[in-house]
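*Asks:* Before I ask anything, let me first share the structure, which is written out below as structure tokens.
The values are calculated or read from the model by the stated rules, or taken from the named source; none is laboratory data. Not measured: the values here are computed from a predicted model. Reconstructed Cβ throughout: ideal geometry from the backbone, glycine too, with neighbour counts over all protein chains shown. The area values use the complete protein model at the heavy-atom level, side chains included, leaving out ligands, DNA and RNA. Shrake-Rupley method; radii C 1.70, N 1.55, O 1.52, S 1.80 Å.
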Amino acid sequence: IGKCGAGNYRVRGDEAFLPGHFPGDPMMPGVILVEAIAQLGGVVAQSDPELQLKNLRLSAVRSAKVLGAARPGDTLELRVEIEGRLAGLVQVAGEVRSGGAVIASAKVVLSGDVDLRGKEDAHADGG
């Protein structure tokens, strides 16, 4: 919990960004692939019972590579790992695969407000 995670997303074909990217040859924009890594990283980071974060947001993209395309009908496999934490900052590394091949990878930094109440409540309950 709070260290790594995985998820799948099937590109349906009716997503709002597809008609303009690109007409006649729809594919998921690379920036959305990076955002997917950040979103899954946020879910993982917020599942850590030791450090509760509120108002989590993408603060930096440290590196990103888009190596392929995701098209309607593709099932994307996402994997992320929390590489480090410092107070309200979380560094996440992740990749997106389609058909077994890596189509995107990124290291992102998320930031949020540390919620000390969750920890105090655990101590008050004897935890």
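*Asks:* Could you give the dipole magnitude of the chain about its Cα centre, charging the beta-carbon of Lys and Arg +1 and that of Asp and Glu -1, in debye to the nearest 20?
*Replies:* Dipole of the chain, to the nearest 20 debye: 320 debye.
*Asks:* Kindly rank 62-71, 39-48 from highest to lowest mean number of other beta carbons found within 10 Å of each residue.
*Replies:* Per-residue Cβ counts within 10 Å, averaged per peptide and sorted highest first, yield 39-48, 62-71.
*Asks:* All other residues with a Cβ under 14 Å from the Cβ of Gly73 taken together, and with Lys, Arg as +1 and Asp, Glu as -1, what is their net charge?
*Replies:* -1
*Asks:* Follow-up. Measuring with a 1.4 Å probe in the full set of protein chains, what accessible area per residue, in whole Å², belongs to the chain?
*Replies:* Accessible area per residue, the chain: 57 Å².
*Asks:* Now for a separate question. If you roll a 1.4 angstrom probe over the protein chains with everything in place, what fraction of the accessible area of the chain belongs to carbon and sulfur, to the nearest %?
*Replies:* 54 percent
*Asks:* Give the total of Lys-Lys pairs in the chain with Cα-Cα distances below 18 Å; include a pair only if its members are 8 or more places apart or on different chains.
*Replies:* 4
*Asks:* Step through the residues of segment 90-97 one at a time and calculate ³J(HN,Hα) from phi using the Karplus curve (6.51 cos²θ - 1.76 cosθ + 1.60, θ = phi - 60°), rounding each to whole Hz and writing x for Gly and Pro.
*Replies:* Along segment 90-97, the couplings run 9, 9, 10, 10, x, 8, 10, 10 Hz.
*Asks:* What net charge is computed for the residues neighbouring Phe22, neighbours being all others with C-beta under 15 Å from the C-beta of Phe22, Lys and Arg scored +1, Asp and Glu -1?
*Replies:* Counting the neighbours of Phe22, the net charge comes to -1.
*Asks:* Points 7 angstrom from Cα along the Cβ direction at Leu116 and Arg62: gap in nanometres?
*Replies:* Result: 2.7 nm between the two label points.
*Asks:* So for the pair Arg85, Ala101, with labels modelled 7 Å out along Cα→Cβ, what separation do we get in nm?
*Replies:* Inter-label distance under the simple model: 3.7 nm.
*Asks:* Something else about it: Taking 0.36 nm per residue of separation and subtracting the Cα-Cα distance, what length does fully extending Glu35 through His21 add?
*Replies:* 3.4 nm
*Asks:* Another question about this same structure. Spelling out what I want: for every residue of segment 38-53, take phi, set θ = phi - 60°, compute 6.51 cos²θ - 1.76 cosθ + 1.60 (Karplus), and round to whole Hz; glycine and proline get x.
*Replies:* Calculated HN-Hα couplings, in order: 4, 4, 5, x, x, 4, 5, 4, 7, 8, 6, x, 7, 9, 7, 10 Hz.
*Asks:* From the backbone phi of segment 74-81, what are the Karplus-calculated ³J(HN,Hα) couplings (6.51 cos²θ - 1.76 cosθ + 1.60, θ = phi - 60°) in whole Hz, Gly and Pro given as x?
*Replies:* 6, 9, 8, 10, 10, 9, 9, 9
*Asks:* Given R₀ = 30 Å, what would the calculated FRET efficiency be for Lys54 paired with Lys3, taking r from the Cβ atoms and rounding to 0.05?
*Replies:* Here the calculated transfer efficiency is 0.90.
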